[in-house]
Amino acid sequence: MNEKIIHLESIVKNYKVGTQVVRALRTVSVDIYKGEYVAIMGASGSGKSTLMNIIGCLDTATTGKYVLNGTDVSSMSDDELAEIRNSEIGFIFQVFNLLPRNTALENVMLPLVYAGIRKTERKRIAEETLTDVGLDDRMAHRPNELSGGQRQRVAIARALVNKPALLLADEPTGNLDSKISEEIMTLFAEIHKKGNTLVMVTHEEDIAKHAHRIIRLKDGEVESDIINKNPVY
């Protein structure tokens, strides 16, 4: 079996709401391997968003162990987690999260600024990545000059530009119509074929069917974890 990129061991996440304790995750244990394409599914309140936040180092577990790409991140400080996020994880969000006054190229270059790469190199890498997602003719456009599908492609390019160990997509087609959603899922398939590890959180069955493995959560626990033998391409 390939090398593990995600090792979650007995993850518990509790939240205090007033005097009550909400048990969002209850001893979740999951391994995800390099090169996998995984969908995490579940109804509202199942714990999938909490799990995504922990996998993305946006939050930490109450108890349990999380090893990301060989590094135990379970008890890291906020600053250490921010460093891990910048170097190891590419995020793709439902709402795109693009800077409105920046061009597509400038949006994609931004993670490279944080990585300390010099400007000429940043521009070259960002141009290559935008070309890879089919936006070579839209680099100078700002988000309000792009369609929803094009904006999501910019967001995908931004997630890819640092060559992260893990791509984490949160409801990536939630704001797109069915035709554009299919185009984005075709792009995800191409990204996965290049060897990228892709973890996608979705509540849509037809979107989850593109993944090669589907993990379903219910009431903060793993209800099922199955290999999808016939992924949609």
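State whether the residues of the range 218-231 include one that is on the phi < 0 side of the Ramachandran plot, aliphatic (A, V, I, L, M) and out of contact with any Lys or Arg (no Cβ under 9 Å at 6 or more places or on another chain). Checked against the condition, which is being on the phi < 0 side of the Ramachandran plot, aliphatic (A, V, I, L, M) and out of contact with any Lys or Arg (no Cβ under 9 Å at 6 or more places or on another chain), the range 218-231 yields no hits at all. Among the residues of the range 125-166, the ones that are free of Cβ contacts under 8 Å to residues at least 24 places away in the same chain and buried (at least 20 other Cβ atoms within 10 Å of the Cβ) come to 0 in all. Take Ala157 and decide whether it is touching a helix residue (DSSP H, G or I) at 6+ places or on another chain (Cβ under 8 Å), within 19 Å of Leu135 (Cβ to Cβ), among the aliphatic types (A, V, I, L, M) and not in a helix (DSSP H, G or I). So Ala157 fails the test. If you go through the range 200-214 and pick out every residue that is surrounded by fewer than 23 Cβ atoms within 10 Å (Cβ to Cβ), in a strand (DSSP E or B) and of a type outside the set (Lys, Arg), you end up with 1.
Within the range 176-205, the residues that satisfy the criterion of being among the basic types (Lys, Arg) and closer than 15 Å to Tyr233 by Cβ are Lys193, Lys194. Out of the range 166-199, which residues are over 17 Å from Ile215 (Cβ atoms) and assigned to a loop (DSSP other than H, G, I, E, B)? Within the range 166-199, Thr173, Gly174, Asn175, Leu176, Asp177, Lys194, Gly195, Asn196 qualify. Can you find a residue that is among the polar types (S, T, N, Q), modelled with pLDDT under 95, touching a strand residue (DSSP E or B) at 6+ places or on another chain (Cβ under 6 Å) and more than 28 Å from Gly149 (Cα to Cα) anywhere in the range 2-11? Checked the range 2-11: at least one residue is among the polar types (S, T, N, Q), modelled with pLDDT under 95, touching a strand residue (DSSP E or B) at 6+ places or on another chain (Cβ under 6 Å) and more than 28 Å from Gly149 (Cα to Cα). Please verify whether the range 37-54 includes one or more residues that are among the β-branched types (Val, Ile, Thr), touching a residue at least 12 places away in the same chain (Cβ under 8 Å), within 15 Å of Asp170 (Cα to Cα) and touching a Pro at 6+ places or on another chain (Cβ under 6 Å). Taking every residue of the range 37-54 in turn, none turns out to be among the β-branched types (Val, Ile, Thr), touching a residue at least 12 places away in the same chain (Cβ under 8 Å), within 15 Å of Asp170 (Cα to Cα) and touching a Pro at 6+ places or on another chain (Cβ under 6 Å). Residues of the range 74-97 that are more than 13 Å from Ile54 (Cα to Cα), modelled with pLDDT of 90 or more and β-branched (Val, Ile, Thr): Ile92 alone.
Of the strands (runs of 3 or more DSSP E) contained entirely in the range 1-96, those carrying at least 2 residues that are loosely packed, with under 15 Cβ neighbours inside 10 Å fall at 4-17, 20-33. Selection of the range 99-116 for residues being surrounded by 13 or more Cβ atoms within 10 Å (Cβ to Cβ) and farther than 15 Å from Leu160 by Cα yields Asn102, Thr103. Residues in the range 59-81 that are farther than 17 Å from Val12 by Cβ and within 16 Å of the chain's Cα centre (by Cα): Leu68, Asn69, Leu81.
Could you check the range 98-130 and list, in sequence order, the residues that are modelled with pLDDT of 90 or more, of a type outside the set (D, E, K, R) and in a loop (DSSP other than H, G, I, E, B)? Correct list: Leu98, Leu99, Pro100, Asn102, Thr103, Ile117. For the residues Ala169, Ala115, Ala104, the requirement of being in contact (Cβ under 8 Å) with a residue 40 or more places away in the chain and under 18 Å from Met200 (Cβ atoms) singles out Ala169.
The values are calculated or read from the model by the stated rules, or taken from the named source; none is laboratory data. In this text, all values refer to a predicted model and were calculated from it rather than measured experimentally. Positions of Cβ are generated from backbone atoms using ideal geometry, with glycine treated the same way; all protein chains shown enter the neighbour counts.
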